[in-house]
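Asks: Here's a structure for you.
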Amino acid sequence: MLQSRSPDSRLWRDEIRATVALAWPLILTNLTQSLIQSTDVLLLGWAGSAVLAAGTLGINLYYAFLVFGIGLVTAAAPMVAKKLGARRHSVRDVRRTVRQTMWSALALVAPIWVVLWHTRPILLALGQDPALAADAEIFVRALMWGMLPALWYLVLRGFVSALEQPAWSLVVGAAGVAFNAVLNYGLIFGAFGLPELGIRGAGIGSTCANSFMFVAMAVVVTVHPRFRRYRLFGRFWRADWQRFGDVWRLGLPIAVTLALEVTIFNTAVFLMGLIGEASIAAHAVALQIAAFTFMVPLGLSQAVTVRVGLAFGRRDRAGIARAGWTAFILGVAFMALMALLMLAFPNSLVELFLDPAVPANRPVIALAVSFLFVAALFQVFDGAQAVGAGMLRGLHDTKIPMAYAAFSYWGVALLTAIGLGFGLGWEGVGVWVGLATGLAVAAVLMLGRWLRRERLGLTAW
């Protein structure tokens, strides 16, 4: 009996090792990318509160468009993984997918540049301060040119991840963090012999950092023996409208799904603003803690998309199940540990951001601690829905999960947040319970669809 089980146990152990080996560089890469934005915010804060406020407005507007592009180019990883699963040494199909995903990014970014060029009137229409809107426009007009190289870098990251060689994206991402910090500091404050450009310098520095990361990754995939045989940039100008359409059919629902999730959190900030300044500050602290731990299930989600995609391509139903459940269990287990940490040491975590010795911080700390208790549940559900969405993307299933996201975030989460926060007077805690409820519904729907994947024909070939 033990002998009959050992081959299956070995397959599960191999899957765990493969998932962890693929996920940890992706997790660290996600952290490096978030550090780039955090560095920008930190340096803008050093330049003054008005500069920080204008930069924050600009970053939020820019990021709303960027995350949509990230969703679109995410299609590259499952498409490449499926091709490699079906034919391990496929070259032409992989090259076509990478090339047309890069074309898709260009097609998306071109109209976005036109919109972002008019940042000032957009912010004025949203009721923002005219002086801050003007400075935000200066910042965004320098920052926006980095969107295309940022998305192209992510396409190449998806390519190396599908080949299960994600460490190179980590190396390049870490170098990008250092490059961004040094250049932005120099251009904002006039250090290292560079001109003092203030907020415009921050935008230029970030654009240069994104360009640096793309060029560095392009050099890696062109020179490294593992990647160069694909000749990704060979005949780059050649159109392939069928594959171009395939990228949009798979990637557009992912883009909408990510946009729906990001915008509900943006809406939560506005709801906190209706409650009071302390609620906004407490929300920002609790959300920052939650976002940091989210990098792990996000990396697992990216890894499971590849692992499921490889098994899907080789028509291995048992392999699909192993890949999906391995990442799901790892993600939920990690987030459960983080939930226990939040429940055990809420004050210590909040006080990493706010000094309790400052009297003005005390009501904010109390609110943040109360939010963090809800965040403990929030994290488990957020991790479950993130990994669940990645599992389904590996099966090229993106349209129904998009509908699930719309219902869960803009139906359940928003209505529950408004009802509890304002109808029942729970205020900020009610908003957080609403967010957690929406994420829980999304997690249940994603998991339910995964469980029914064979009956739904998702694994039919």
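Every number here is computed from the coordinates shown, using simple stated rules; none is lab data. On a predicted model such as this, the values are computed, not experimentally measured, just so you know. Please note: Cβ atoms are built from the backbone with ideal geometry, for glycine as well, and neighbour counts cover all protein chains shown.
Asks: For the chain, what are the DSSP H helices with axial Cα length of 20 Å or more and mean Kyte-Doolittle hydropathy of at least 0.0?
Replies: On the way: long enough: 2-46 (64 Å, 0.14); 49-73 (35 Å, 1.77); 92-116 (35 Å, 0.54); 147-162 (23 Å, 1.40); 167-189 (33 Å, 1.57); 199-223 (36 Å, 1.48); 241-275 (50 Å, 1.12); 277-313 (51 Å, 1.29); 317-344 (41 Å, 1.65); 362-394 (46 Å, 1.30); 427-451 (36 Å, 1.46).
Membrane-span-like by this criterion, though nothing is claimed about a membrane: 2-46, 49-73, 92-116, 147-162, 167-189, 199-223, 241-275, 277-313, 317-344, 362-394, 427-451.
Asks: How would you order 409-415, 234-240, 77-83, 261-267 from highest to lowest mean count of nearby Cβ atoms within 10 Å?
Replies: Result, highest mean first: 77-83, 409-415, 261-267, 234-240.
Asks: Quick check: from the Cα gyration tensor, does segment 221-372 come out rounded (a/c under 1.5), prolate or oblate?
Replies: prolate
Asks: Sorted by packing (mean other beta-carbon atoms within 10 Å per residue), highest first, where do 195-202, 138-145 land?
Replies: In decreasing order of mean packing, 195-202, 138-145 become 138-145, 195-202.
Asks: Going by average Cβ neighbours within 10 Å, how do the peptides 317-324, 187-194 rank, with the highest at the top?
Replies: Output ranking for 317-324, 187-194: 317-324, 187-194.
Asks: Under 8 Å for C-alpha pairs, at least 6 residues apart: give me the relative contact order for the chain, rounded to a whole percent.
Replies: With pairs under 8 Å counted, the relative contact order is 20 percent.
Asks: While we're on this one: With n ≥ 4 as the cut-off for DSSP H runs, can you work out [θ] at 222 nm for the chain, using -39500 (n - 2.57) per run divided by the number of residues, rounded to the nearest 500?
Replies: After summing the helix terms and dividing by the residues of the chain, the value is -28000 deg cm²/dmol.
Asks: Over the Cα atoms of segment 1-121, each weighted equally, I'd like the Debye log10 I(q)/I(0) at q = 0.17 Å⁻¹, rounded to two decimals.
Replies: Scattering profile of segment 1-121, log10 relative to I(0): -1.06.
Asks: Evaluate the distance, in nm, between pseudo-label points positioned 7 Å from the Cα of Asp93 and of Ala125 along their respective Cα→Cβ axes.
Replies: 4.4
Asks: First check a/c for segment 357-424, with a ≥ b ≥ c the square roots of the eigenvalues of its C-alpha gyration tensor; if it is under 1.5, answer rounded, and if not, answer prolate when a/b is larger than b/c or oblate otherwise.
Replies: oblate
Asks: For segment 253-461, what's the radius of gyration and Dmax over Cα atoms, in angstrom?
Replies: In Å, with Rg to one decimal and Dmax whole: 18.2, 64.
Asks: Still on this structure, please answer the following. Two decimals, Cα atoms only, Kirkwood Rh: what is Rg/Rh over segment 24-239?
Replies: On the way: Rg = 18.2 Å, Rh = 18.0 Å.
The Rg/Rh ratio comes out at 1.01.
Asks: If you don't mind, there's one more thing I want to ask. Using 7 Å Cα-to-Cβ label points, what is the Thr222/Phe189 separation (nm, one decimal)?
Replies: Going from the Thr222 label point to the Phe189 one covers 3.5 nm.
Asks: Right, next: For every other residue with a beta carbon closer than 14 angstrom to the beta carbon of Ser169, add +1 if it is Lys or Arg and -1 if Asp or Glu, then tell me the sum.
Replies: +1
Asks: State to the nearest 20 debye the size of the charge dipole of the chain about its Cα centre, where the only charges are +1 on K and R beta carbons and -1 on D and E beta carbons.
Replies: The calculation lands at about 2760 debye.
Asks: Can you tally the net charge around Ile16? Count Lys and Arg as +1, Asp and Glu as -1, for every other residue whose Cβ sits under 15 Å from the Cβ of Ile16.
Replies: Here the count lands on +1.
Asks: Specify whether the C-alpha gyration tensor of the chain places it in the rounded, prolate or oblate class, a ≥ b ≥ c being the square roots of the eigenvalues: rounded for a/c under 1.5, otherwise prolate if a/b is larger than b/c and oblate if not.
Replies: In terms of gyration-tensor shape, oblate.
Asks: In nm, give the distance between the simple-model label positions of Trp113 and Ile418, each being 7 Å from the Cα along the Cα-to-Cβ direction.
Replies: So the two model labels end up 3.9 nm from each other.
Asks: Just add up the charged neighbours of Ala443: K/R +1, D/E -1, any other residue whose Cβ is under 13 Å from the Cβ of Ala443. Don't jump to the answer; show the numbers that get you there.
Replies: On the way: positive: Arg449; negative: Glu261, Asp382.
Charge balance near Ala443 sits at -1.
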